[in-house]
Amino acid sequence: MTDTYDVVIIGAGPGGYNCAIRCGQLGLKTAIIEKRSTLGGTCLNVGCIPSKAMLHASEYYEAAAKDFAGLGIEVTGLKANIDQMQKQKADAVGGLTAGVAFLMKKHKVTVFSGVGRIAGAGRVIVTSAAGEVALSARNIVIATGSEPASLPGVEIDEERVVSSTGALALKQTPKRMILIGAGVIGLELGSVWRRLGSEVIVVEYLDRILPGADAELAKQAQRVFAKQGMDFRLGMKVTGVEKLKSKLKLSMEPSAGGATEVLDADVVLVAIGRRPWTEGLGLETVGIQPDRRGVIANTHFRTSAPGVWVVGDVTTGPMLAHKAEDEGSACAELIAGKAGHVDYDIIPGVVYTKPEIAWVGKTEEDLKAAGVAYKVGKFPFSANSRARTNHETDGFVKILADAATDRILGAHMMGVGVGEMIGEMCVAMEFGASSEDVARTSHAHPTMTEAIRQAAMGVEGWTMQM
Ligand code: FAD
Ligand code: NAI
């Protein structure tokens, strides 16, 4: 045994590193174990950050190609330099992962590089090229995150048949790219490569895109993405991908059964969800049994084993960085004997396409299923002065409020910048705001946020600008 820690955290993604920082702030002797060569987890290394770097660059490229001329900006010789795009992506990732390492030092968290494994109550082994180190821990936090789910008959090689990781590292624009799954990853990374010149086909098992999002929002989003050039093949099940020398042959059939169709592609992206990462973690040594999807259950971050906690993608709830981060710090507070809490009703979701899609709280489908009477206020960006001035009028804001109390129950938006605007609705909902509270709050003119106010006014039927 080397040392006894108050807390040993396995996994240094947003769940783990935020837990470590908060533990450090609360005076707990803390260690964190990470098997990747850099800290920050999926999010910083191969997820949120690199995807946003590629989305940002490709959005400018497409604007320069398609929108600048209309604004009176003439561009000649426009060219996508994929090497440079990848370099600026790597710079963003490098800077932020180094930032996490700095934060570990600042908060006196000991970092172990290697694979962590629970070896019984209060015992964790770190295995690395240098050998094994045994740690003793009063509390163990599992924050091992998730990995891409795989599809039978589709072997991922990260070059031609890729997960999000390979799709973020392509060295050239594929001529034709097929996305399996019209979820968040498919729409974001499909947007990147479509903007850079790929023909993009999206094959989705269900008869809609973005399952879980408000159905009206998803339908309108599909219309906009189709207008941009994405070819949606909904209600289709992929049965296999054959790798020929010069191309890939993807076979699919209707989800409900029917004739097989074959499509050619240069790159296939498998984006059908992610699964919790629990392999080789030694869970059996403390009697933890994940469910059949690999999810470790928790009650206020406590697992079934005393002294073993769990946060982030590897446990229940949405697989989102901010959810993992919130759980990490709340878990640290509970370990320190304080009151840690996460409000699962108010976790926003954002799809960083153009336009963006954002939501928080209940969808109309949730409210109908729960039998809750609600009112709807809606406002299109085509009637918002800033959106019109910017020639970015696709989308709308929809606010759902309780019919009896007027309390806001959900907000659903599509439009340029709504990923930032959704924060206003999170704060309003966290403070229990009514739609009238938002409707009577002054919003600067001309801003996109006025659409939120107008939608809130619409709940009681006094929208001004329509
Ligand atoms: P992770 O970030 O997965 O971190 C877990 C860490 O544990 C990993 O670094 C792993 O190497 C390490 N680990 C696992 N097992 C061991 C072990 N035995 N020993 C040592 N280390 C171990 N979410 C958003 O909110 N916004 C976004 O824009 C967004 N974009 C995304 C884009 C992509 C392409 C992907 C794939 C995901 C995206 N996500 C986004 C989801 C987000 O990345 C995850 O929800 C988040 O990273 C989860 O954090 P976590 O700490 O639970 O796990
Ligand atoms: P997802 O769950 O968002 O979407 C997967 C899609 O694949 C669904 O539409 C599903 O119906 C479909 N699907 C499943 N099996 C299929 C099959 N056999 N054939 C065809 N379609 C099939 O998962 P995705 O996009 O892989 O993302 C994984 C996770 O990463 C998500 O939970 C998401 O929260 C997170 N993420 C978040 C981002 C953000 O917050 N902006 C960005 C990217 C990822």
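Of the residues making up the stretch 162-184, those that are more than 20 Å from the chain's Cα centre (by Cα) and either surrounded by fewer than 23 Cβ atoms within 10 Å (Cβ to Cβ) or on the phi > 0 side of the Ramachandran plot (or both) are Lys171, Gln172, Thr173, Pro174, Lys175, Arg176. Taking the numbered list (1) assigned to a loop (DSSP other than H, G, I, E, B); (2) open to solvent by less than 60 Å² (accessible area, probe 1.4 Å) in turn, Ser329 passes all entries but (1). Could you list, in sequence order, all residues of the stretch 189-241 that are open to solvent by less than 10 Å² (accessible area, probe 1.4 Å), touching a residue at least 40 places away in the same chain (Cβ under 8 Å) and within 7 Å of ligand 2 (Cβ to nearest atom)? Scanning the stretch 189-241 gives Val203, Leu210. Over 21 Å from Lys354 (Cα atoms) and outside the structural domain of Gly395 (by TED's automatic domain parsing): does that describe Lys237? The answer is yes for Lys237.
Summed over the stretch 59-89, the residues that are among the charged types (D, E, K, R), open to solvent by less than 80 Å² (accessible area, probe 1.4 Å) and assigned to a helix (DSSP H, G or I) give a count of 3.
Inspection of the stretch 309-324 identifies at least one residue that is more than 30 Å from Glu420 (Cβ to Cβ), modelled with pLDDT of 95 or more and not assigned by TED's automatic domain parsing to the domain that holds Glu392. For the stretch 439-453, a residue qualifies if it is open to solvent by 10 Å² or more (accessible area, probe 1.4 Å) and either in contact with a Cys (Cβ under 8 Å, 6 or more places away or on another chain) or not small (Gly, Ala, Ser) (or both), and the qualifying residues are Arg440, Thr441, His443, His445, Pro446, Thr447, Met448, Thr449, Glu450, Arg453. Report yes if Thr353 is more than 16 Å from the chain's Cα centre (by Cα), on the phi < 0 side of the Ramachandran plot and modelled with pLDDT of 95 or more, otherwise no. In short, no. With the structure loaded, tell me whether Gly257 is open to solvent by less than 50 Å² (accessible area, probe 1.4 Å) and either more than 16 Å from ligand 1 (Cβ to nearest atom) or not assigned by TED's automatic domain parsing to the domain that holds Ala167 (or both) or whether it fails that test. Taking the combined requirement at face value, the residue satisfies it.
Considered as a group, the residues in the stretch 113-140 that are outside any loop (DSSP other than H, G, I, E, B) and more than 19 Å from Val310 (Cβ to Cβ) include one that is most open to solvent (accessible area, probe 1.4 Å), and that residue is Glu132. Name the residues in the stretch 20-58 that are in contact with a strand residue (DSSP E or B) (Cβ under 9 Å, 6 or more places away or on another chain), more than 13 Å from ligand 1 (Cβ to nearest atom) and open to solvent by less than 40 Å² (accessible area, probe 1.4 Å), would you? Matches in the stretch 20-58: Cys23, Gly24, Leu28, Thr30. All of (1) away from ligand 1 (no atom under 16 Å from the Cβ); (2) within 30 Å of Arg195 (Cβ to Cβ); (3) in a loop (DSSP other than H, G, I, E, B) hold for Lys354 with one exception: (1).
Please verify whether Ile140 is away from ligand 2 (no atom under 16 Å from the Cβ) and out of contact with any Leu (no Cβ under 7 Å at 6 or more places or on another chain), treating the condition exactly as stated. Yes: the conditions hold for Ile140.
The values are calculated or read from the model by the stated rules, or taken from the named source; none is laboratory data. Quick caveat: nothing in here was measured; it's all calculated off a predicted structure. Glycine also receives a Cβ, built like all others from the backbone with ideal geometry; neighbour counts cover every protein chain displayed. Ligands, DNA and RNA are stripped out before the accessible areas are found, and what is left, the full protein with its side chains, is counted by its heavy atoms. Shrake-Rupley method; radii C 1.70, N 1.55, O 1.52, S 1.80 Å.
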